[in-house]
1. Which of A:PRO189, A:PRO148, A:PRO264 moves the most in a Gaussian network model of chain A with Cα springs under 10 Å?
2. Of the options B:ILE296, B:ILE320, B:LEU225, report the single residue whose Cα projects farthest towards the positive end of the charge dipole of chain B (beta-carbon charges: Lys, Arg +1; Asp, Glu -1).
3. Considering amide H positions built from the backbone, and no H for Pro or chain starts, which residues 5 or more places from C:ARG84, or on another chain, come under 5 Å of its amide H?
4. For the protein assembly as shown, give the share of DSSP beta bridges that are antiparallel, in percent and rounded to the nearest 5; count only bridges with both residues there.
5. Can you give me the relative contact order of chain B as a percent, contacts being Cα pairs under 8 Å and 6 or more apart?
6. In peptide C:75-81, how many Cβ atoms from other protein chains are near each Cβ within 10 Å, on average?
7. Rounded to the nearest 500, what is the 222 nm mean residue ellipticity of chain B from helices alone, with -39500 (n - 2.57) per DSSP H run of 4+ residues and division by all residues?
8. Rounded to the nearest 20 debye, what is the charge dipole size of chain A about its Cα centre when +1 sits on each Lys and Arg Cβ and -1 on each Asp and Glu Cβ?
Amino acid sequence: MDFSLLANAIIAGLLLGGFYAAVTAGISISFGMLDIVNIAHPAFIIVGSYIAYIVNATFGIDPILASIIVLPAFYALGAAVYQVYYLAFEKRGQEALRGLAFFFGVLFVTEVVLLLVFGVDYRSVNAVYIGPSLHLGSVELPLRLLVPFLFAAAMFAALQIFLSRTFIGRAVMAVSQDPLALRLMAVNPTRIKRIAFGISIATASLAGAFLIIIQPVIPSVGRDYIGRVFAICVLGGLGSLPGTVIAALLLGVLESLTSTYYGPSWAPAVSFGILLLTLAVRPSGLLGR
Amino acid sequence: MRTPIFILVQAVIGLALYGLFIFYGNDYWFYAGYTVLQFVVLATAWNILGGYCGYVNFGSAGFFAIGAYSTVFLYTVGQQIDDVVPESLQGVMHLIFPLSLPTMIVIGGICAGLVGLGTGYLTLRLRGVFFAIATLALAVVLETLVVNWEFVGGSRGAYVIPPSKIPIFGAYIHFLFALMIVLAIVALACARLIERSRLGYGFATIRDDELAAEACGVPTLRLKLTATVLSGALMGMAGAPFPYYIGYVEPSSAFNLSYAVNSIAMPMIGGTTSWVGPLIGAILLGTLQQLATVTISSVANLLIVGLLLIGFVIVAPNGIVGLWQDWFGKKSVKSRRSET
Amino acid sequence: MTAPLLRVDRLSKRFGGFVALDDVNLDVAEGERLGLIGPNGSGKSTLVNCICGTLHNEAGTVTFAGEGINGMGAHERTRRGLARSFQLPRPFTSMSVADNIRVPLLYTVNARRGAKHLSHGELQDRCMELLTLVSLGDKAAKDPRDLTQVEMRKLELARAMATEPKLLIADEAMAGLSHSEVEDIVALLINLNGRGITIIMIEHIMRAVMSFSQRLVVLVSGKKIADGMPETVIENPEVVGAYLGT
């Protein structure tokens, strides 16, 4: 047994898992806490990637920095999308079928528009940490995986603090459990949901930057992530940020091991396979409520 | 009208269409017409589970591809009997193979139906949302399996060579077109029959309120499984002739996202509450896309479909059928049901 | 002594760490009119949901007409004669009022093995019969969303009645209704009982419960604290305390 191969696969998997957690953070909020099945989330992430790409290629600004700069725009976009969703579907009680179809349409249209604008060439970004790696003994830590991992961890810490320590954050946690109680506290659940959804899409901006640092991007990459994102969400337990992190790390490692020992063409099946398995065996996930 | 008469009427229309194409059209009409009819089947099939029961299936491409790849498999076995089958069975196999396309359509439908049963059994006890996500998962898992399955060509693809001429119909595409007319009639008749039967009521209660449905004695899980199997089987049957239509099958074409999008967009734009909706949606959108592909580009036509889907879902949730009923004040589906 | 129609034995139900029902025992005799009361959040609806199969109880058994029904799906229980109406009316909105009644006829009455199946014409008649019984005869073709509150509650009851139950659980069927409307519903339920249907009435409207019930059961915080003649039960200090908070 080649220990260093195994170790590297696991380390890469963990670092990748951290990135997956960042990608899933948004869904953890929108699906886990707000019960909105935003399957278009990966599309927003890809948009984030392309924006990071443009800013990086045009101005030479670091992609992560670029994504932080456009964060407010993504937040506003998220709030706007929620408003449409609310007026068109939630209010009428038709989220089940039509809300899903709506987001599916958004996912699709976004991908096609990106395709028309950017074409099918792979795009990537330039940054000092893409390329070199840290070496710890026989283990290699690629910086292009490590840097997003660290920033993702920071993002998660910030989210967790926001949700548990601030009033609005706690209101977000409450809105899925008891919207009536919120109203009685003179807090408008719709406003809270709009803020939360805005934050959810804002995370996509960062996640998009992480994505294009880790791998080159074409518009269809978004669809590869739908499975991962929902697999992580369901495995971790809806609405649980810590659960998301654990599930993401687990998935990252499993995918990395599969890729290393069985070849990368099997990787997509891992996440979806886990999803189907979890739904069949323990739908509430590891830490689900 | 009673179902047998309905089928007769449809058959007459189909025959007339075929005749029209033969005398006035060219082969392109048949190729384009095949695609539109294929969408009629897919849209109608999707609507049985999506429109009638309210359970969204994002994995139509998966079921379609099961049909397509079961044909590829059976065709390849037929071509390589002596290589893949043990000696003792070779005699029997040479008698059975090559299978006729109608047979392969039925087999494709059965395979897809079984997969639908399995998926449904695993996920239909959960909320509709989880079922929808699971169908997405299913399509990807299936594609990954196919990509890694060398026998049916894997990622390199497989060739399926149809005979150039066939008795009665002449060109093979004429035969395929006729087959697709038959499948479309089957799908439409199925959907219509369901609507007017006890099953239709059951499906509607699932869509409206599953808890209340159970309290009224409706066996919701059993009905949902029925819808899933039926829907999946029809999609598989639509996919089974595909290799013969296209000649070269690779995973990206069989599992193409446009199948998933169209099979959702067409019923939602046409109208999900009756069998007429998917038919209208398929004909309109299918024809639109054929025109757009030729005049603009194939990518742009997908954009149009996506935008129409979003637009209709927000503005006209009951689709074209719903708009028609509002504008012309026709008797609603509700009261029509009370008459039967 | 004849066996009870419904026996609930040591039923418990938790939601995560919250104990909704704690070791509840309940017997309901055939033909009885039972009232079930308790403060909000005491577990009444949870009890109904466990009895009817909408929720699964972790512990305890439910026996109906001599048959253990633990693990049976809700629709199975309905077919065996156990019917309930919902606290908040849940009509099927994509079909007419008459069709709402048709569903249980199709899926319960016509689905019972060995029982006589209703023909198309008989179904029509039965629909109208039931609708007339609850004074909704002229609303047969209407959209359920166009009904008033009390009409929706009547539809809810009619739908439960359509399943030809042996036992009917009326879950807060009279909430928010006026004095005369409450009397209408009580009269309807007594009428049904007169036809041999056992009825459990869950209510907050004490006037209705007292006039209707032959026996009264009180549930507080998931536990049964009283079970007996209505006049005796309401004087039970524990019951008084639960409602007045001493």
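No value in this document is a laboratory result; all are computed from the given coordinates. Keep in mind that what you see is a predicted model, and the values were worked out from it rather than measured. For neighbour counting, all protein chains shown are included, and Cβ atoms are generated from backbone atoms with ideal geometry for every residue, glycine included.
1. It is A:PRO264.
2. Result: B:ILE320.
3. C:ILE169
4. Values: 28 of 45 bridges.
Here the antiparallel bridges make up roughly 60 percent for the protein assembly as shown.
5. Details: 494 pairs, mean separation 102.1, N = 340.
Relative contact order for chain B comes out at 30 percent.
6. Values: counts 11, 3, 3, 7, 3, 1, 0.
That works out to 4 on average.
7. On the way: 18 runs with 262 residues, N = 340.
Taking each H run of at least 4 residues, the total per residue is -25000 deg cm²/dmol.
8. 900 debye
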